[in-house]
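Student: What follows is a single structure, and I will ask about it in a moment.
Taken together, the values in this text are just the output of simple stated rules run on the coordinates, not laboratory data. What you see is a predicted model; the values in this text were computed from it and never measured. Cβ coordinates were reconstructed from backbone atoms using ideal geometry, including for glycine residues, and neighbour counts include every protein chain displayed.
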């Protein structure tokens, strides 16, 4: 598809309305609006970003609609049984598959769009590899975080152990104490609301991806 021109003018109002009309009947009545103003523009955005990243030799790509998360919520184990999400999200990875580690995530939400990159809740074995790489290459890790800082980014600490993980006790109270306790290695940035409906969103997301690359490269090297 490509040629992203912005999400439709009704995209954000659609999600606001969906928050209050959590029913299949309402969604079915507005399915065409979701398709035209949200889904098709999102596919175009991902196509344009994939092309941009290929030129920059940044190994992230999307697989069209497959890279966009379903709007239906998984309510099997949730207290909130609302059937629909009130935002849209998609990921770009090296293979294009959602399950890959080292990703770019785009979140379109009337309550605050944002973009994020990194390694989200990796499996225990992968998390151990990331931590071992930090311990084994403290200078390399420091250069990575310095490069992020130069780009206006820093690792998020919202997902962190209260205690130092087993096997890394010697790092307690040192400069690596905080990073070694992280359960996700993520950088994120808010997107200006006005950009959601503009083609300039492509360049803004691409710029963020460029600035977050030091984290992606460090993690990919650690995971092999």
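Student: Where does helix 124-136 land angle-wise versus the long Cα axis of the chain, in degrees 0 to 90, nearest 10?
Tutor: Relative to the chain, helix 124-136 is tipped by roughly 50 degrees.
Student: Moving to a separate point now. Kindly express, to the nearest 10 degrees and within the range 0 to 90, the angle between helix 11-20's C-alpha long axis and the longest C-alpha principal axis of the chain.
Tutor: In the chain, helix 11-20 runs at an angle near 90 degrees to the longest axis.
Student: Cα centroids of segment 112-137 and segment 163-224: how far apart, whole angstrom?
Tutor: Distance between centres, Cα-based: 8 Å.
Student: Using Cβ counts within 10 Å as a stand-in for footprinting exposure, how do 107, 21 rank, fewest first? Could you put the intermediate results ahead of the total?
Tutor: Working: 107 17, 21 13.
Taking fewest neighbouring Cβ atoms as first place, the list is 21, 107.
Student: Let me ask you something else. According to the Kirkwood expression over distinct Cα-Cα pairs, how big is the hydrodynamic radius of segment 105-224, in Å? Write out the running numbers ahead of the final one.
Tutor: Values: mean 1/r = 0.0655 Å⁻¹.
The answer is 15.3 Å.
Student: Give the average over all directions of the projected area of the C-alpha convex hull of the chain, one decimal, in nm².
Tutor: The Cα convex hull of the chain, projected and averaged over all directions, gives 13.3 nm².
Student: Now, a different point. Report relative contact order for the chain in percent, whole number only (criteria: Cα-Cα under 8 Å, sequence separation at least 6). Intermediate results must be reported in sequence, preceding the final value.
Tutor: Details: 336 pairs, mean separation 49.1, N = 224.
Computed over the chain, the figure is 22 percent.
Student: Here is a follow-up. Between helix 138-150 and the chain, what is the angle of the helix's C-alpha long axis to the longest principal axis, kept within 0 to 90° and rounded to the nearest 10?
Tutor: 40
Student: Here's another thing I want to ask about it. Could you work out the Rg to Rh ratio of segment 5-98, with Rh taken as the Kirkwood radius (inverse of the mean 1/r over all Cα pairs)?
Tutor: When Rh is taken as the Kirkwood radius, the ratio is 1.04.
Student: Right, next: Using a Gaussian network model of the chain with C-alpha springs under 10 Å, which one of 145, 93, 162 is most mobile by mean-square fluctuation?
Tutor: 162
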